[in-house]
Amino acid sequence: MSEKLQKVLARAGLGSRRQIEHWIEEGRITINGDPATLGARVTPDQTIRVDGRNIPTHVLKSQQRILIYHKPEGEVCTRSDPQGRPTVFEKLPKLRGARWITIGRLDFNTSGLLLFTTDGELANRLMHPSHEIEREYAVRVLGKVNDEMLARLKKGVMLEDGPAHFDAIVDAGGSGANHWYHVVLKEGRNREVRRLWEAVGIKVSRLIRVRFGSVQLPPHFHARRTIEADEATAASLYELVGLKQPPPLKKSFPEPRRPGAKPRARRGPEKKSRTGSSARRRGTLRRP
């Protein structure tokens, strides 16, 4: 089955459809050695090159994987770190013929919900400001918050990179140094939640993302755990950005074990008794 070239390359995470259309116009992409044209359709058996480099065959195949990860504090959202700090990619299941793409980022000191996908176009759309995808955070603050501050945060304050505001603020209770709020905003600028509170004189002591779009951080979902999104969750994300959901592929990795669960014991070869009957298999552990 053929698909439009720009759709295939966008899904692979090479860029947005518009960027790839510009590359086609600039003559940077070839199909079987010939310059690509706008509207060209491709199949997995064709040779595609971008700036002279081959695009692997697996990129041309429809893929749809979405992974939910509970990021702890103390991890960076890059594939490698010059300072040697741990990265979120170290904890992800391995894939063959594909790669995980982060949907947005969380800074080093922020924990909570982080989404990954193998669909580059889905990632690009979910991160693009035009789609106004909601991000919800649980925020623990230091300092006394009054109604005037909350009104300013909802109306908007000026940050160094432009005006910003919360779309919703809900008092989540607590007292003193343990007072919590839930806040919602529709963009993902660097350290935006912390900078908004700092603009009204309040320091954030803990920050946890609990929702991205239609996906909630699962309850009792411990840090550093991953789980693959089910079909309904994946469908809701595609619907949010107006994309048609590709057919799901067979899973390439098993469901993660719960923390503390013992691994299944491997079954050894059957042993025959003196009478020649097969001995019962032993030692198989089941998940709790």
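The values are calculated or read from the model by the stated rules, or taken from the named source; none is laboratory data. These numbers were taken from a predicted model, which means no experiment stands behind them. Note: ideal-geometry Cβ built from the backbone for every residue, glycine included; neighbour counts use all protein chains shown.
Does segment 180-221 hold any residues that are in a strand (DSSP E or B) and among the aromatic types (F, W, Y), and which are they?
Across segment 180-221, the qualifying residues are W180, Y181, F212.
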When both residues are 6+ apart or on different chains and their Cβ atoms are under 9 Å apart, which pairs have a first residue that lies in segment 15-33 and is within 19 Å of P56 (Cβ to Cβ) and not assigned by TED's automatic domain parsing to the domain that holds G120, and a second that is of a type in the set (D, E, K, R) and assigned to a helix (DSSP H, G or I)? I20/K7
Do we have any residue at all in segment 114-127 that's surrounded by fewer than 20 Cβ atoms within 10 Å (Cβ to Cβ) and of a type outside the set (D, E, K, R)? yes
Go through the residues of segment 88-97 one by one and say whether even a single one is surrounded by 15 or more Cβ atoms within 10 Å (Cβ to Cβ), over 27 Å from Y137 (Cβ atoms) and either modelled with pLDDT of 85 or more or assigned by TED's automatic domain parsing to the domain that holds I227 (or both). yes
Checking E148 against (1) surrounded by 13 or more Cβ atoms within 10 Å (Cβ to Cβ); (2) in a helix (DSSP H, G or I), the condition it does not meet: (1)
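Would you mind stating whether A123 is under 30 Å from R65 (Cβ atoms), touching a residue at least 12 places away in the same chain (Cβ under 8 Å) and in the same structural domain as T102 (by TED's automatic domain parsing)?
Against the criterion (under 30 Å from R65 (Cβ atoms), touching a residue at least 12 places away in the same chain (Cβ under 8 Å) and in the same structural domain as T102 (by TED's automatic domain parsing)), A123 qualifies.
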Could you please tell me which pairs satisfy a Cβ distance under 8 Å, a separation of 6+ or placement on different chains, a first residue in segment 68-83 that is of a type in the set (K, R) and in a loop (DSSP other than H, G, I, E, B), and a second residue that is surrounded by fewer than 17 Cβ atoms within 10 Å (Cβ to Cβ) and at pLDDT 95 or above? R79/T87
Being polar (S, T, N, Q) and part of a loop (DSSP other than H, G, I, E, B) is the filter here, so list the residues in segment 162-179 that pass it. S175
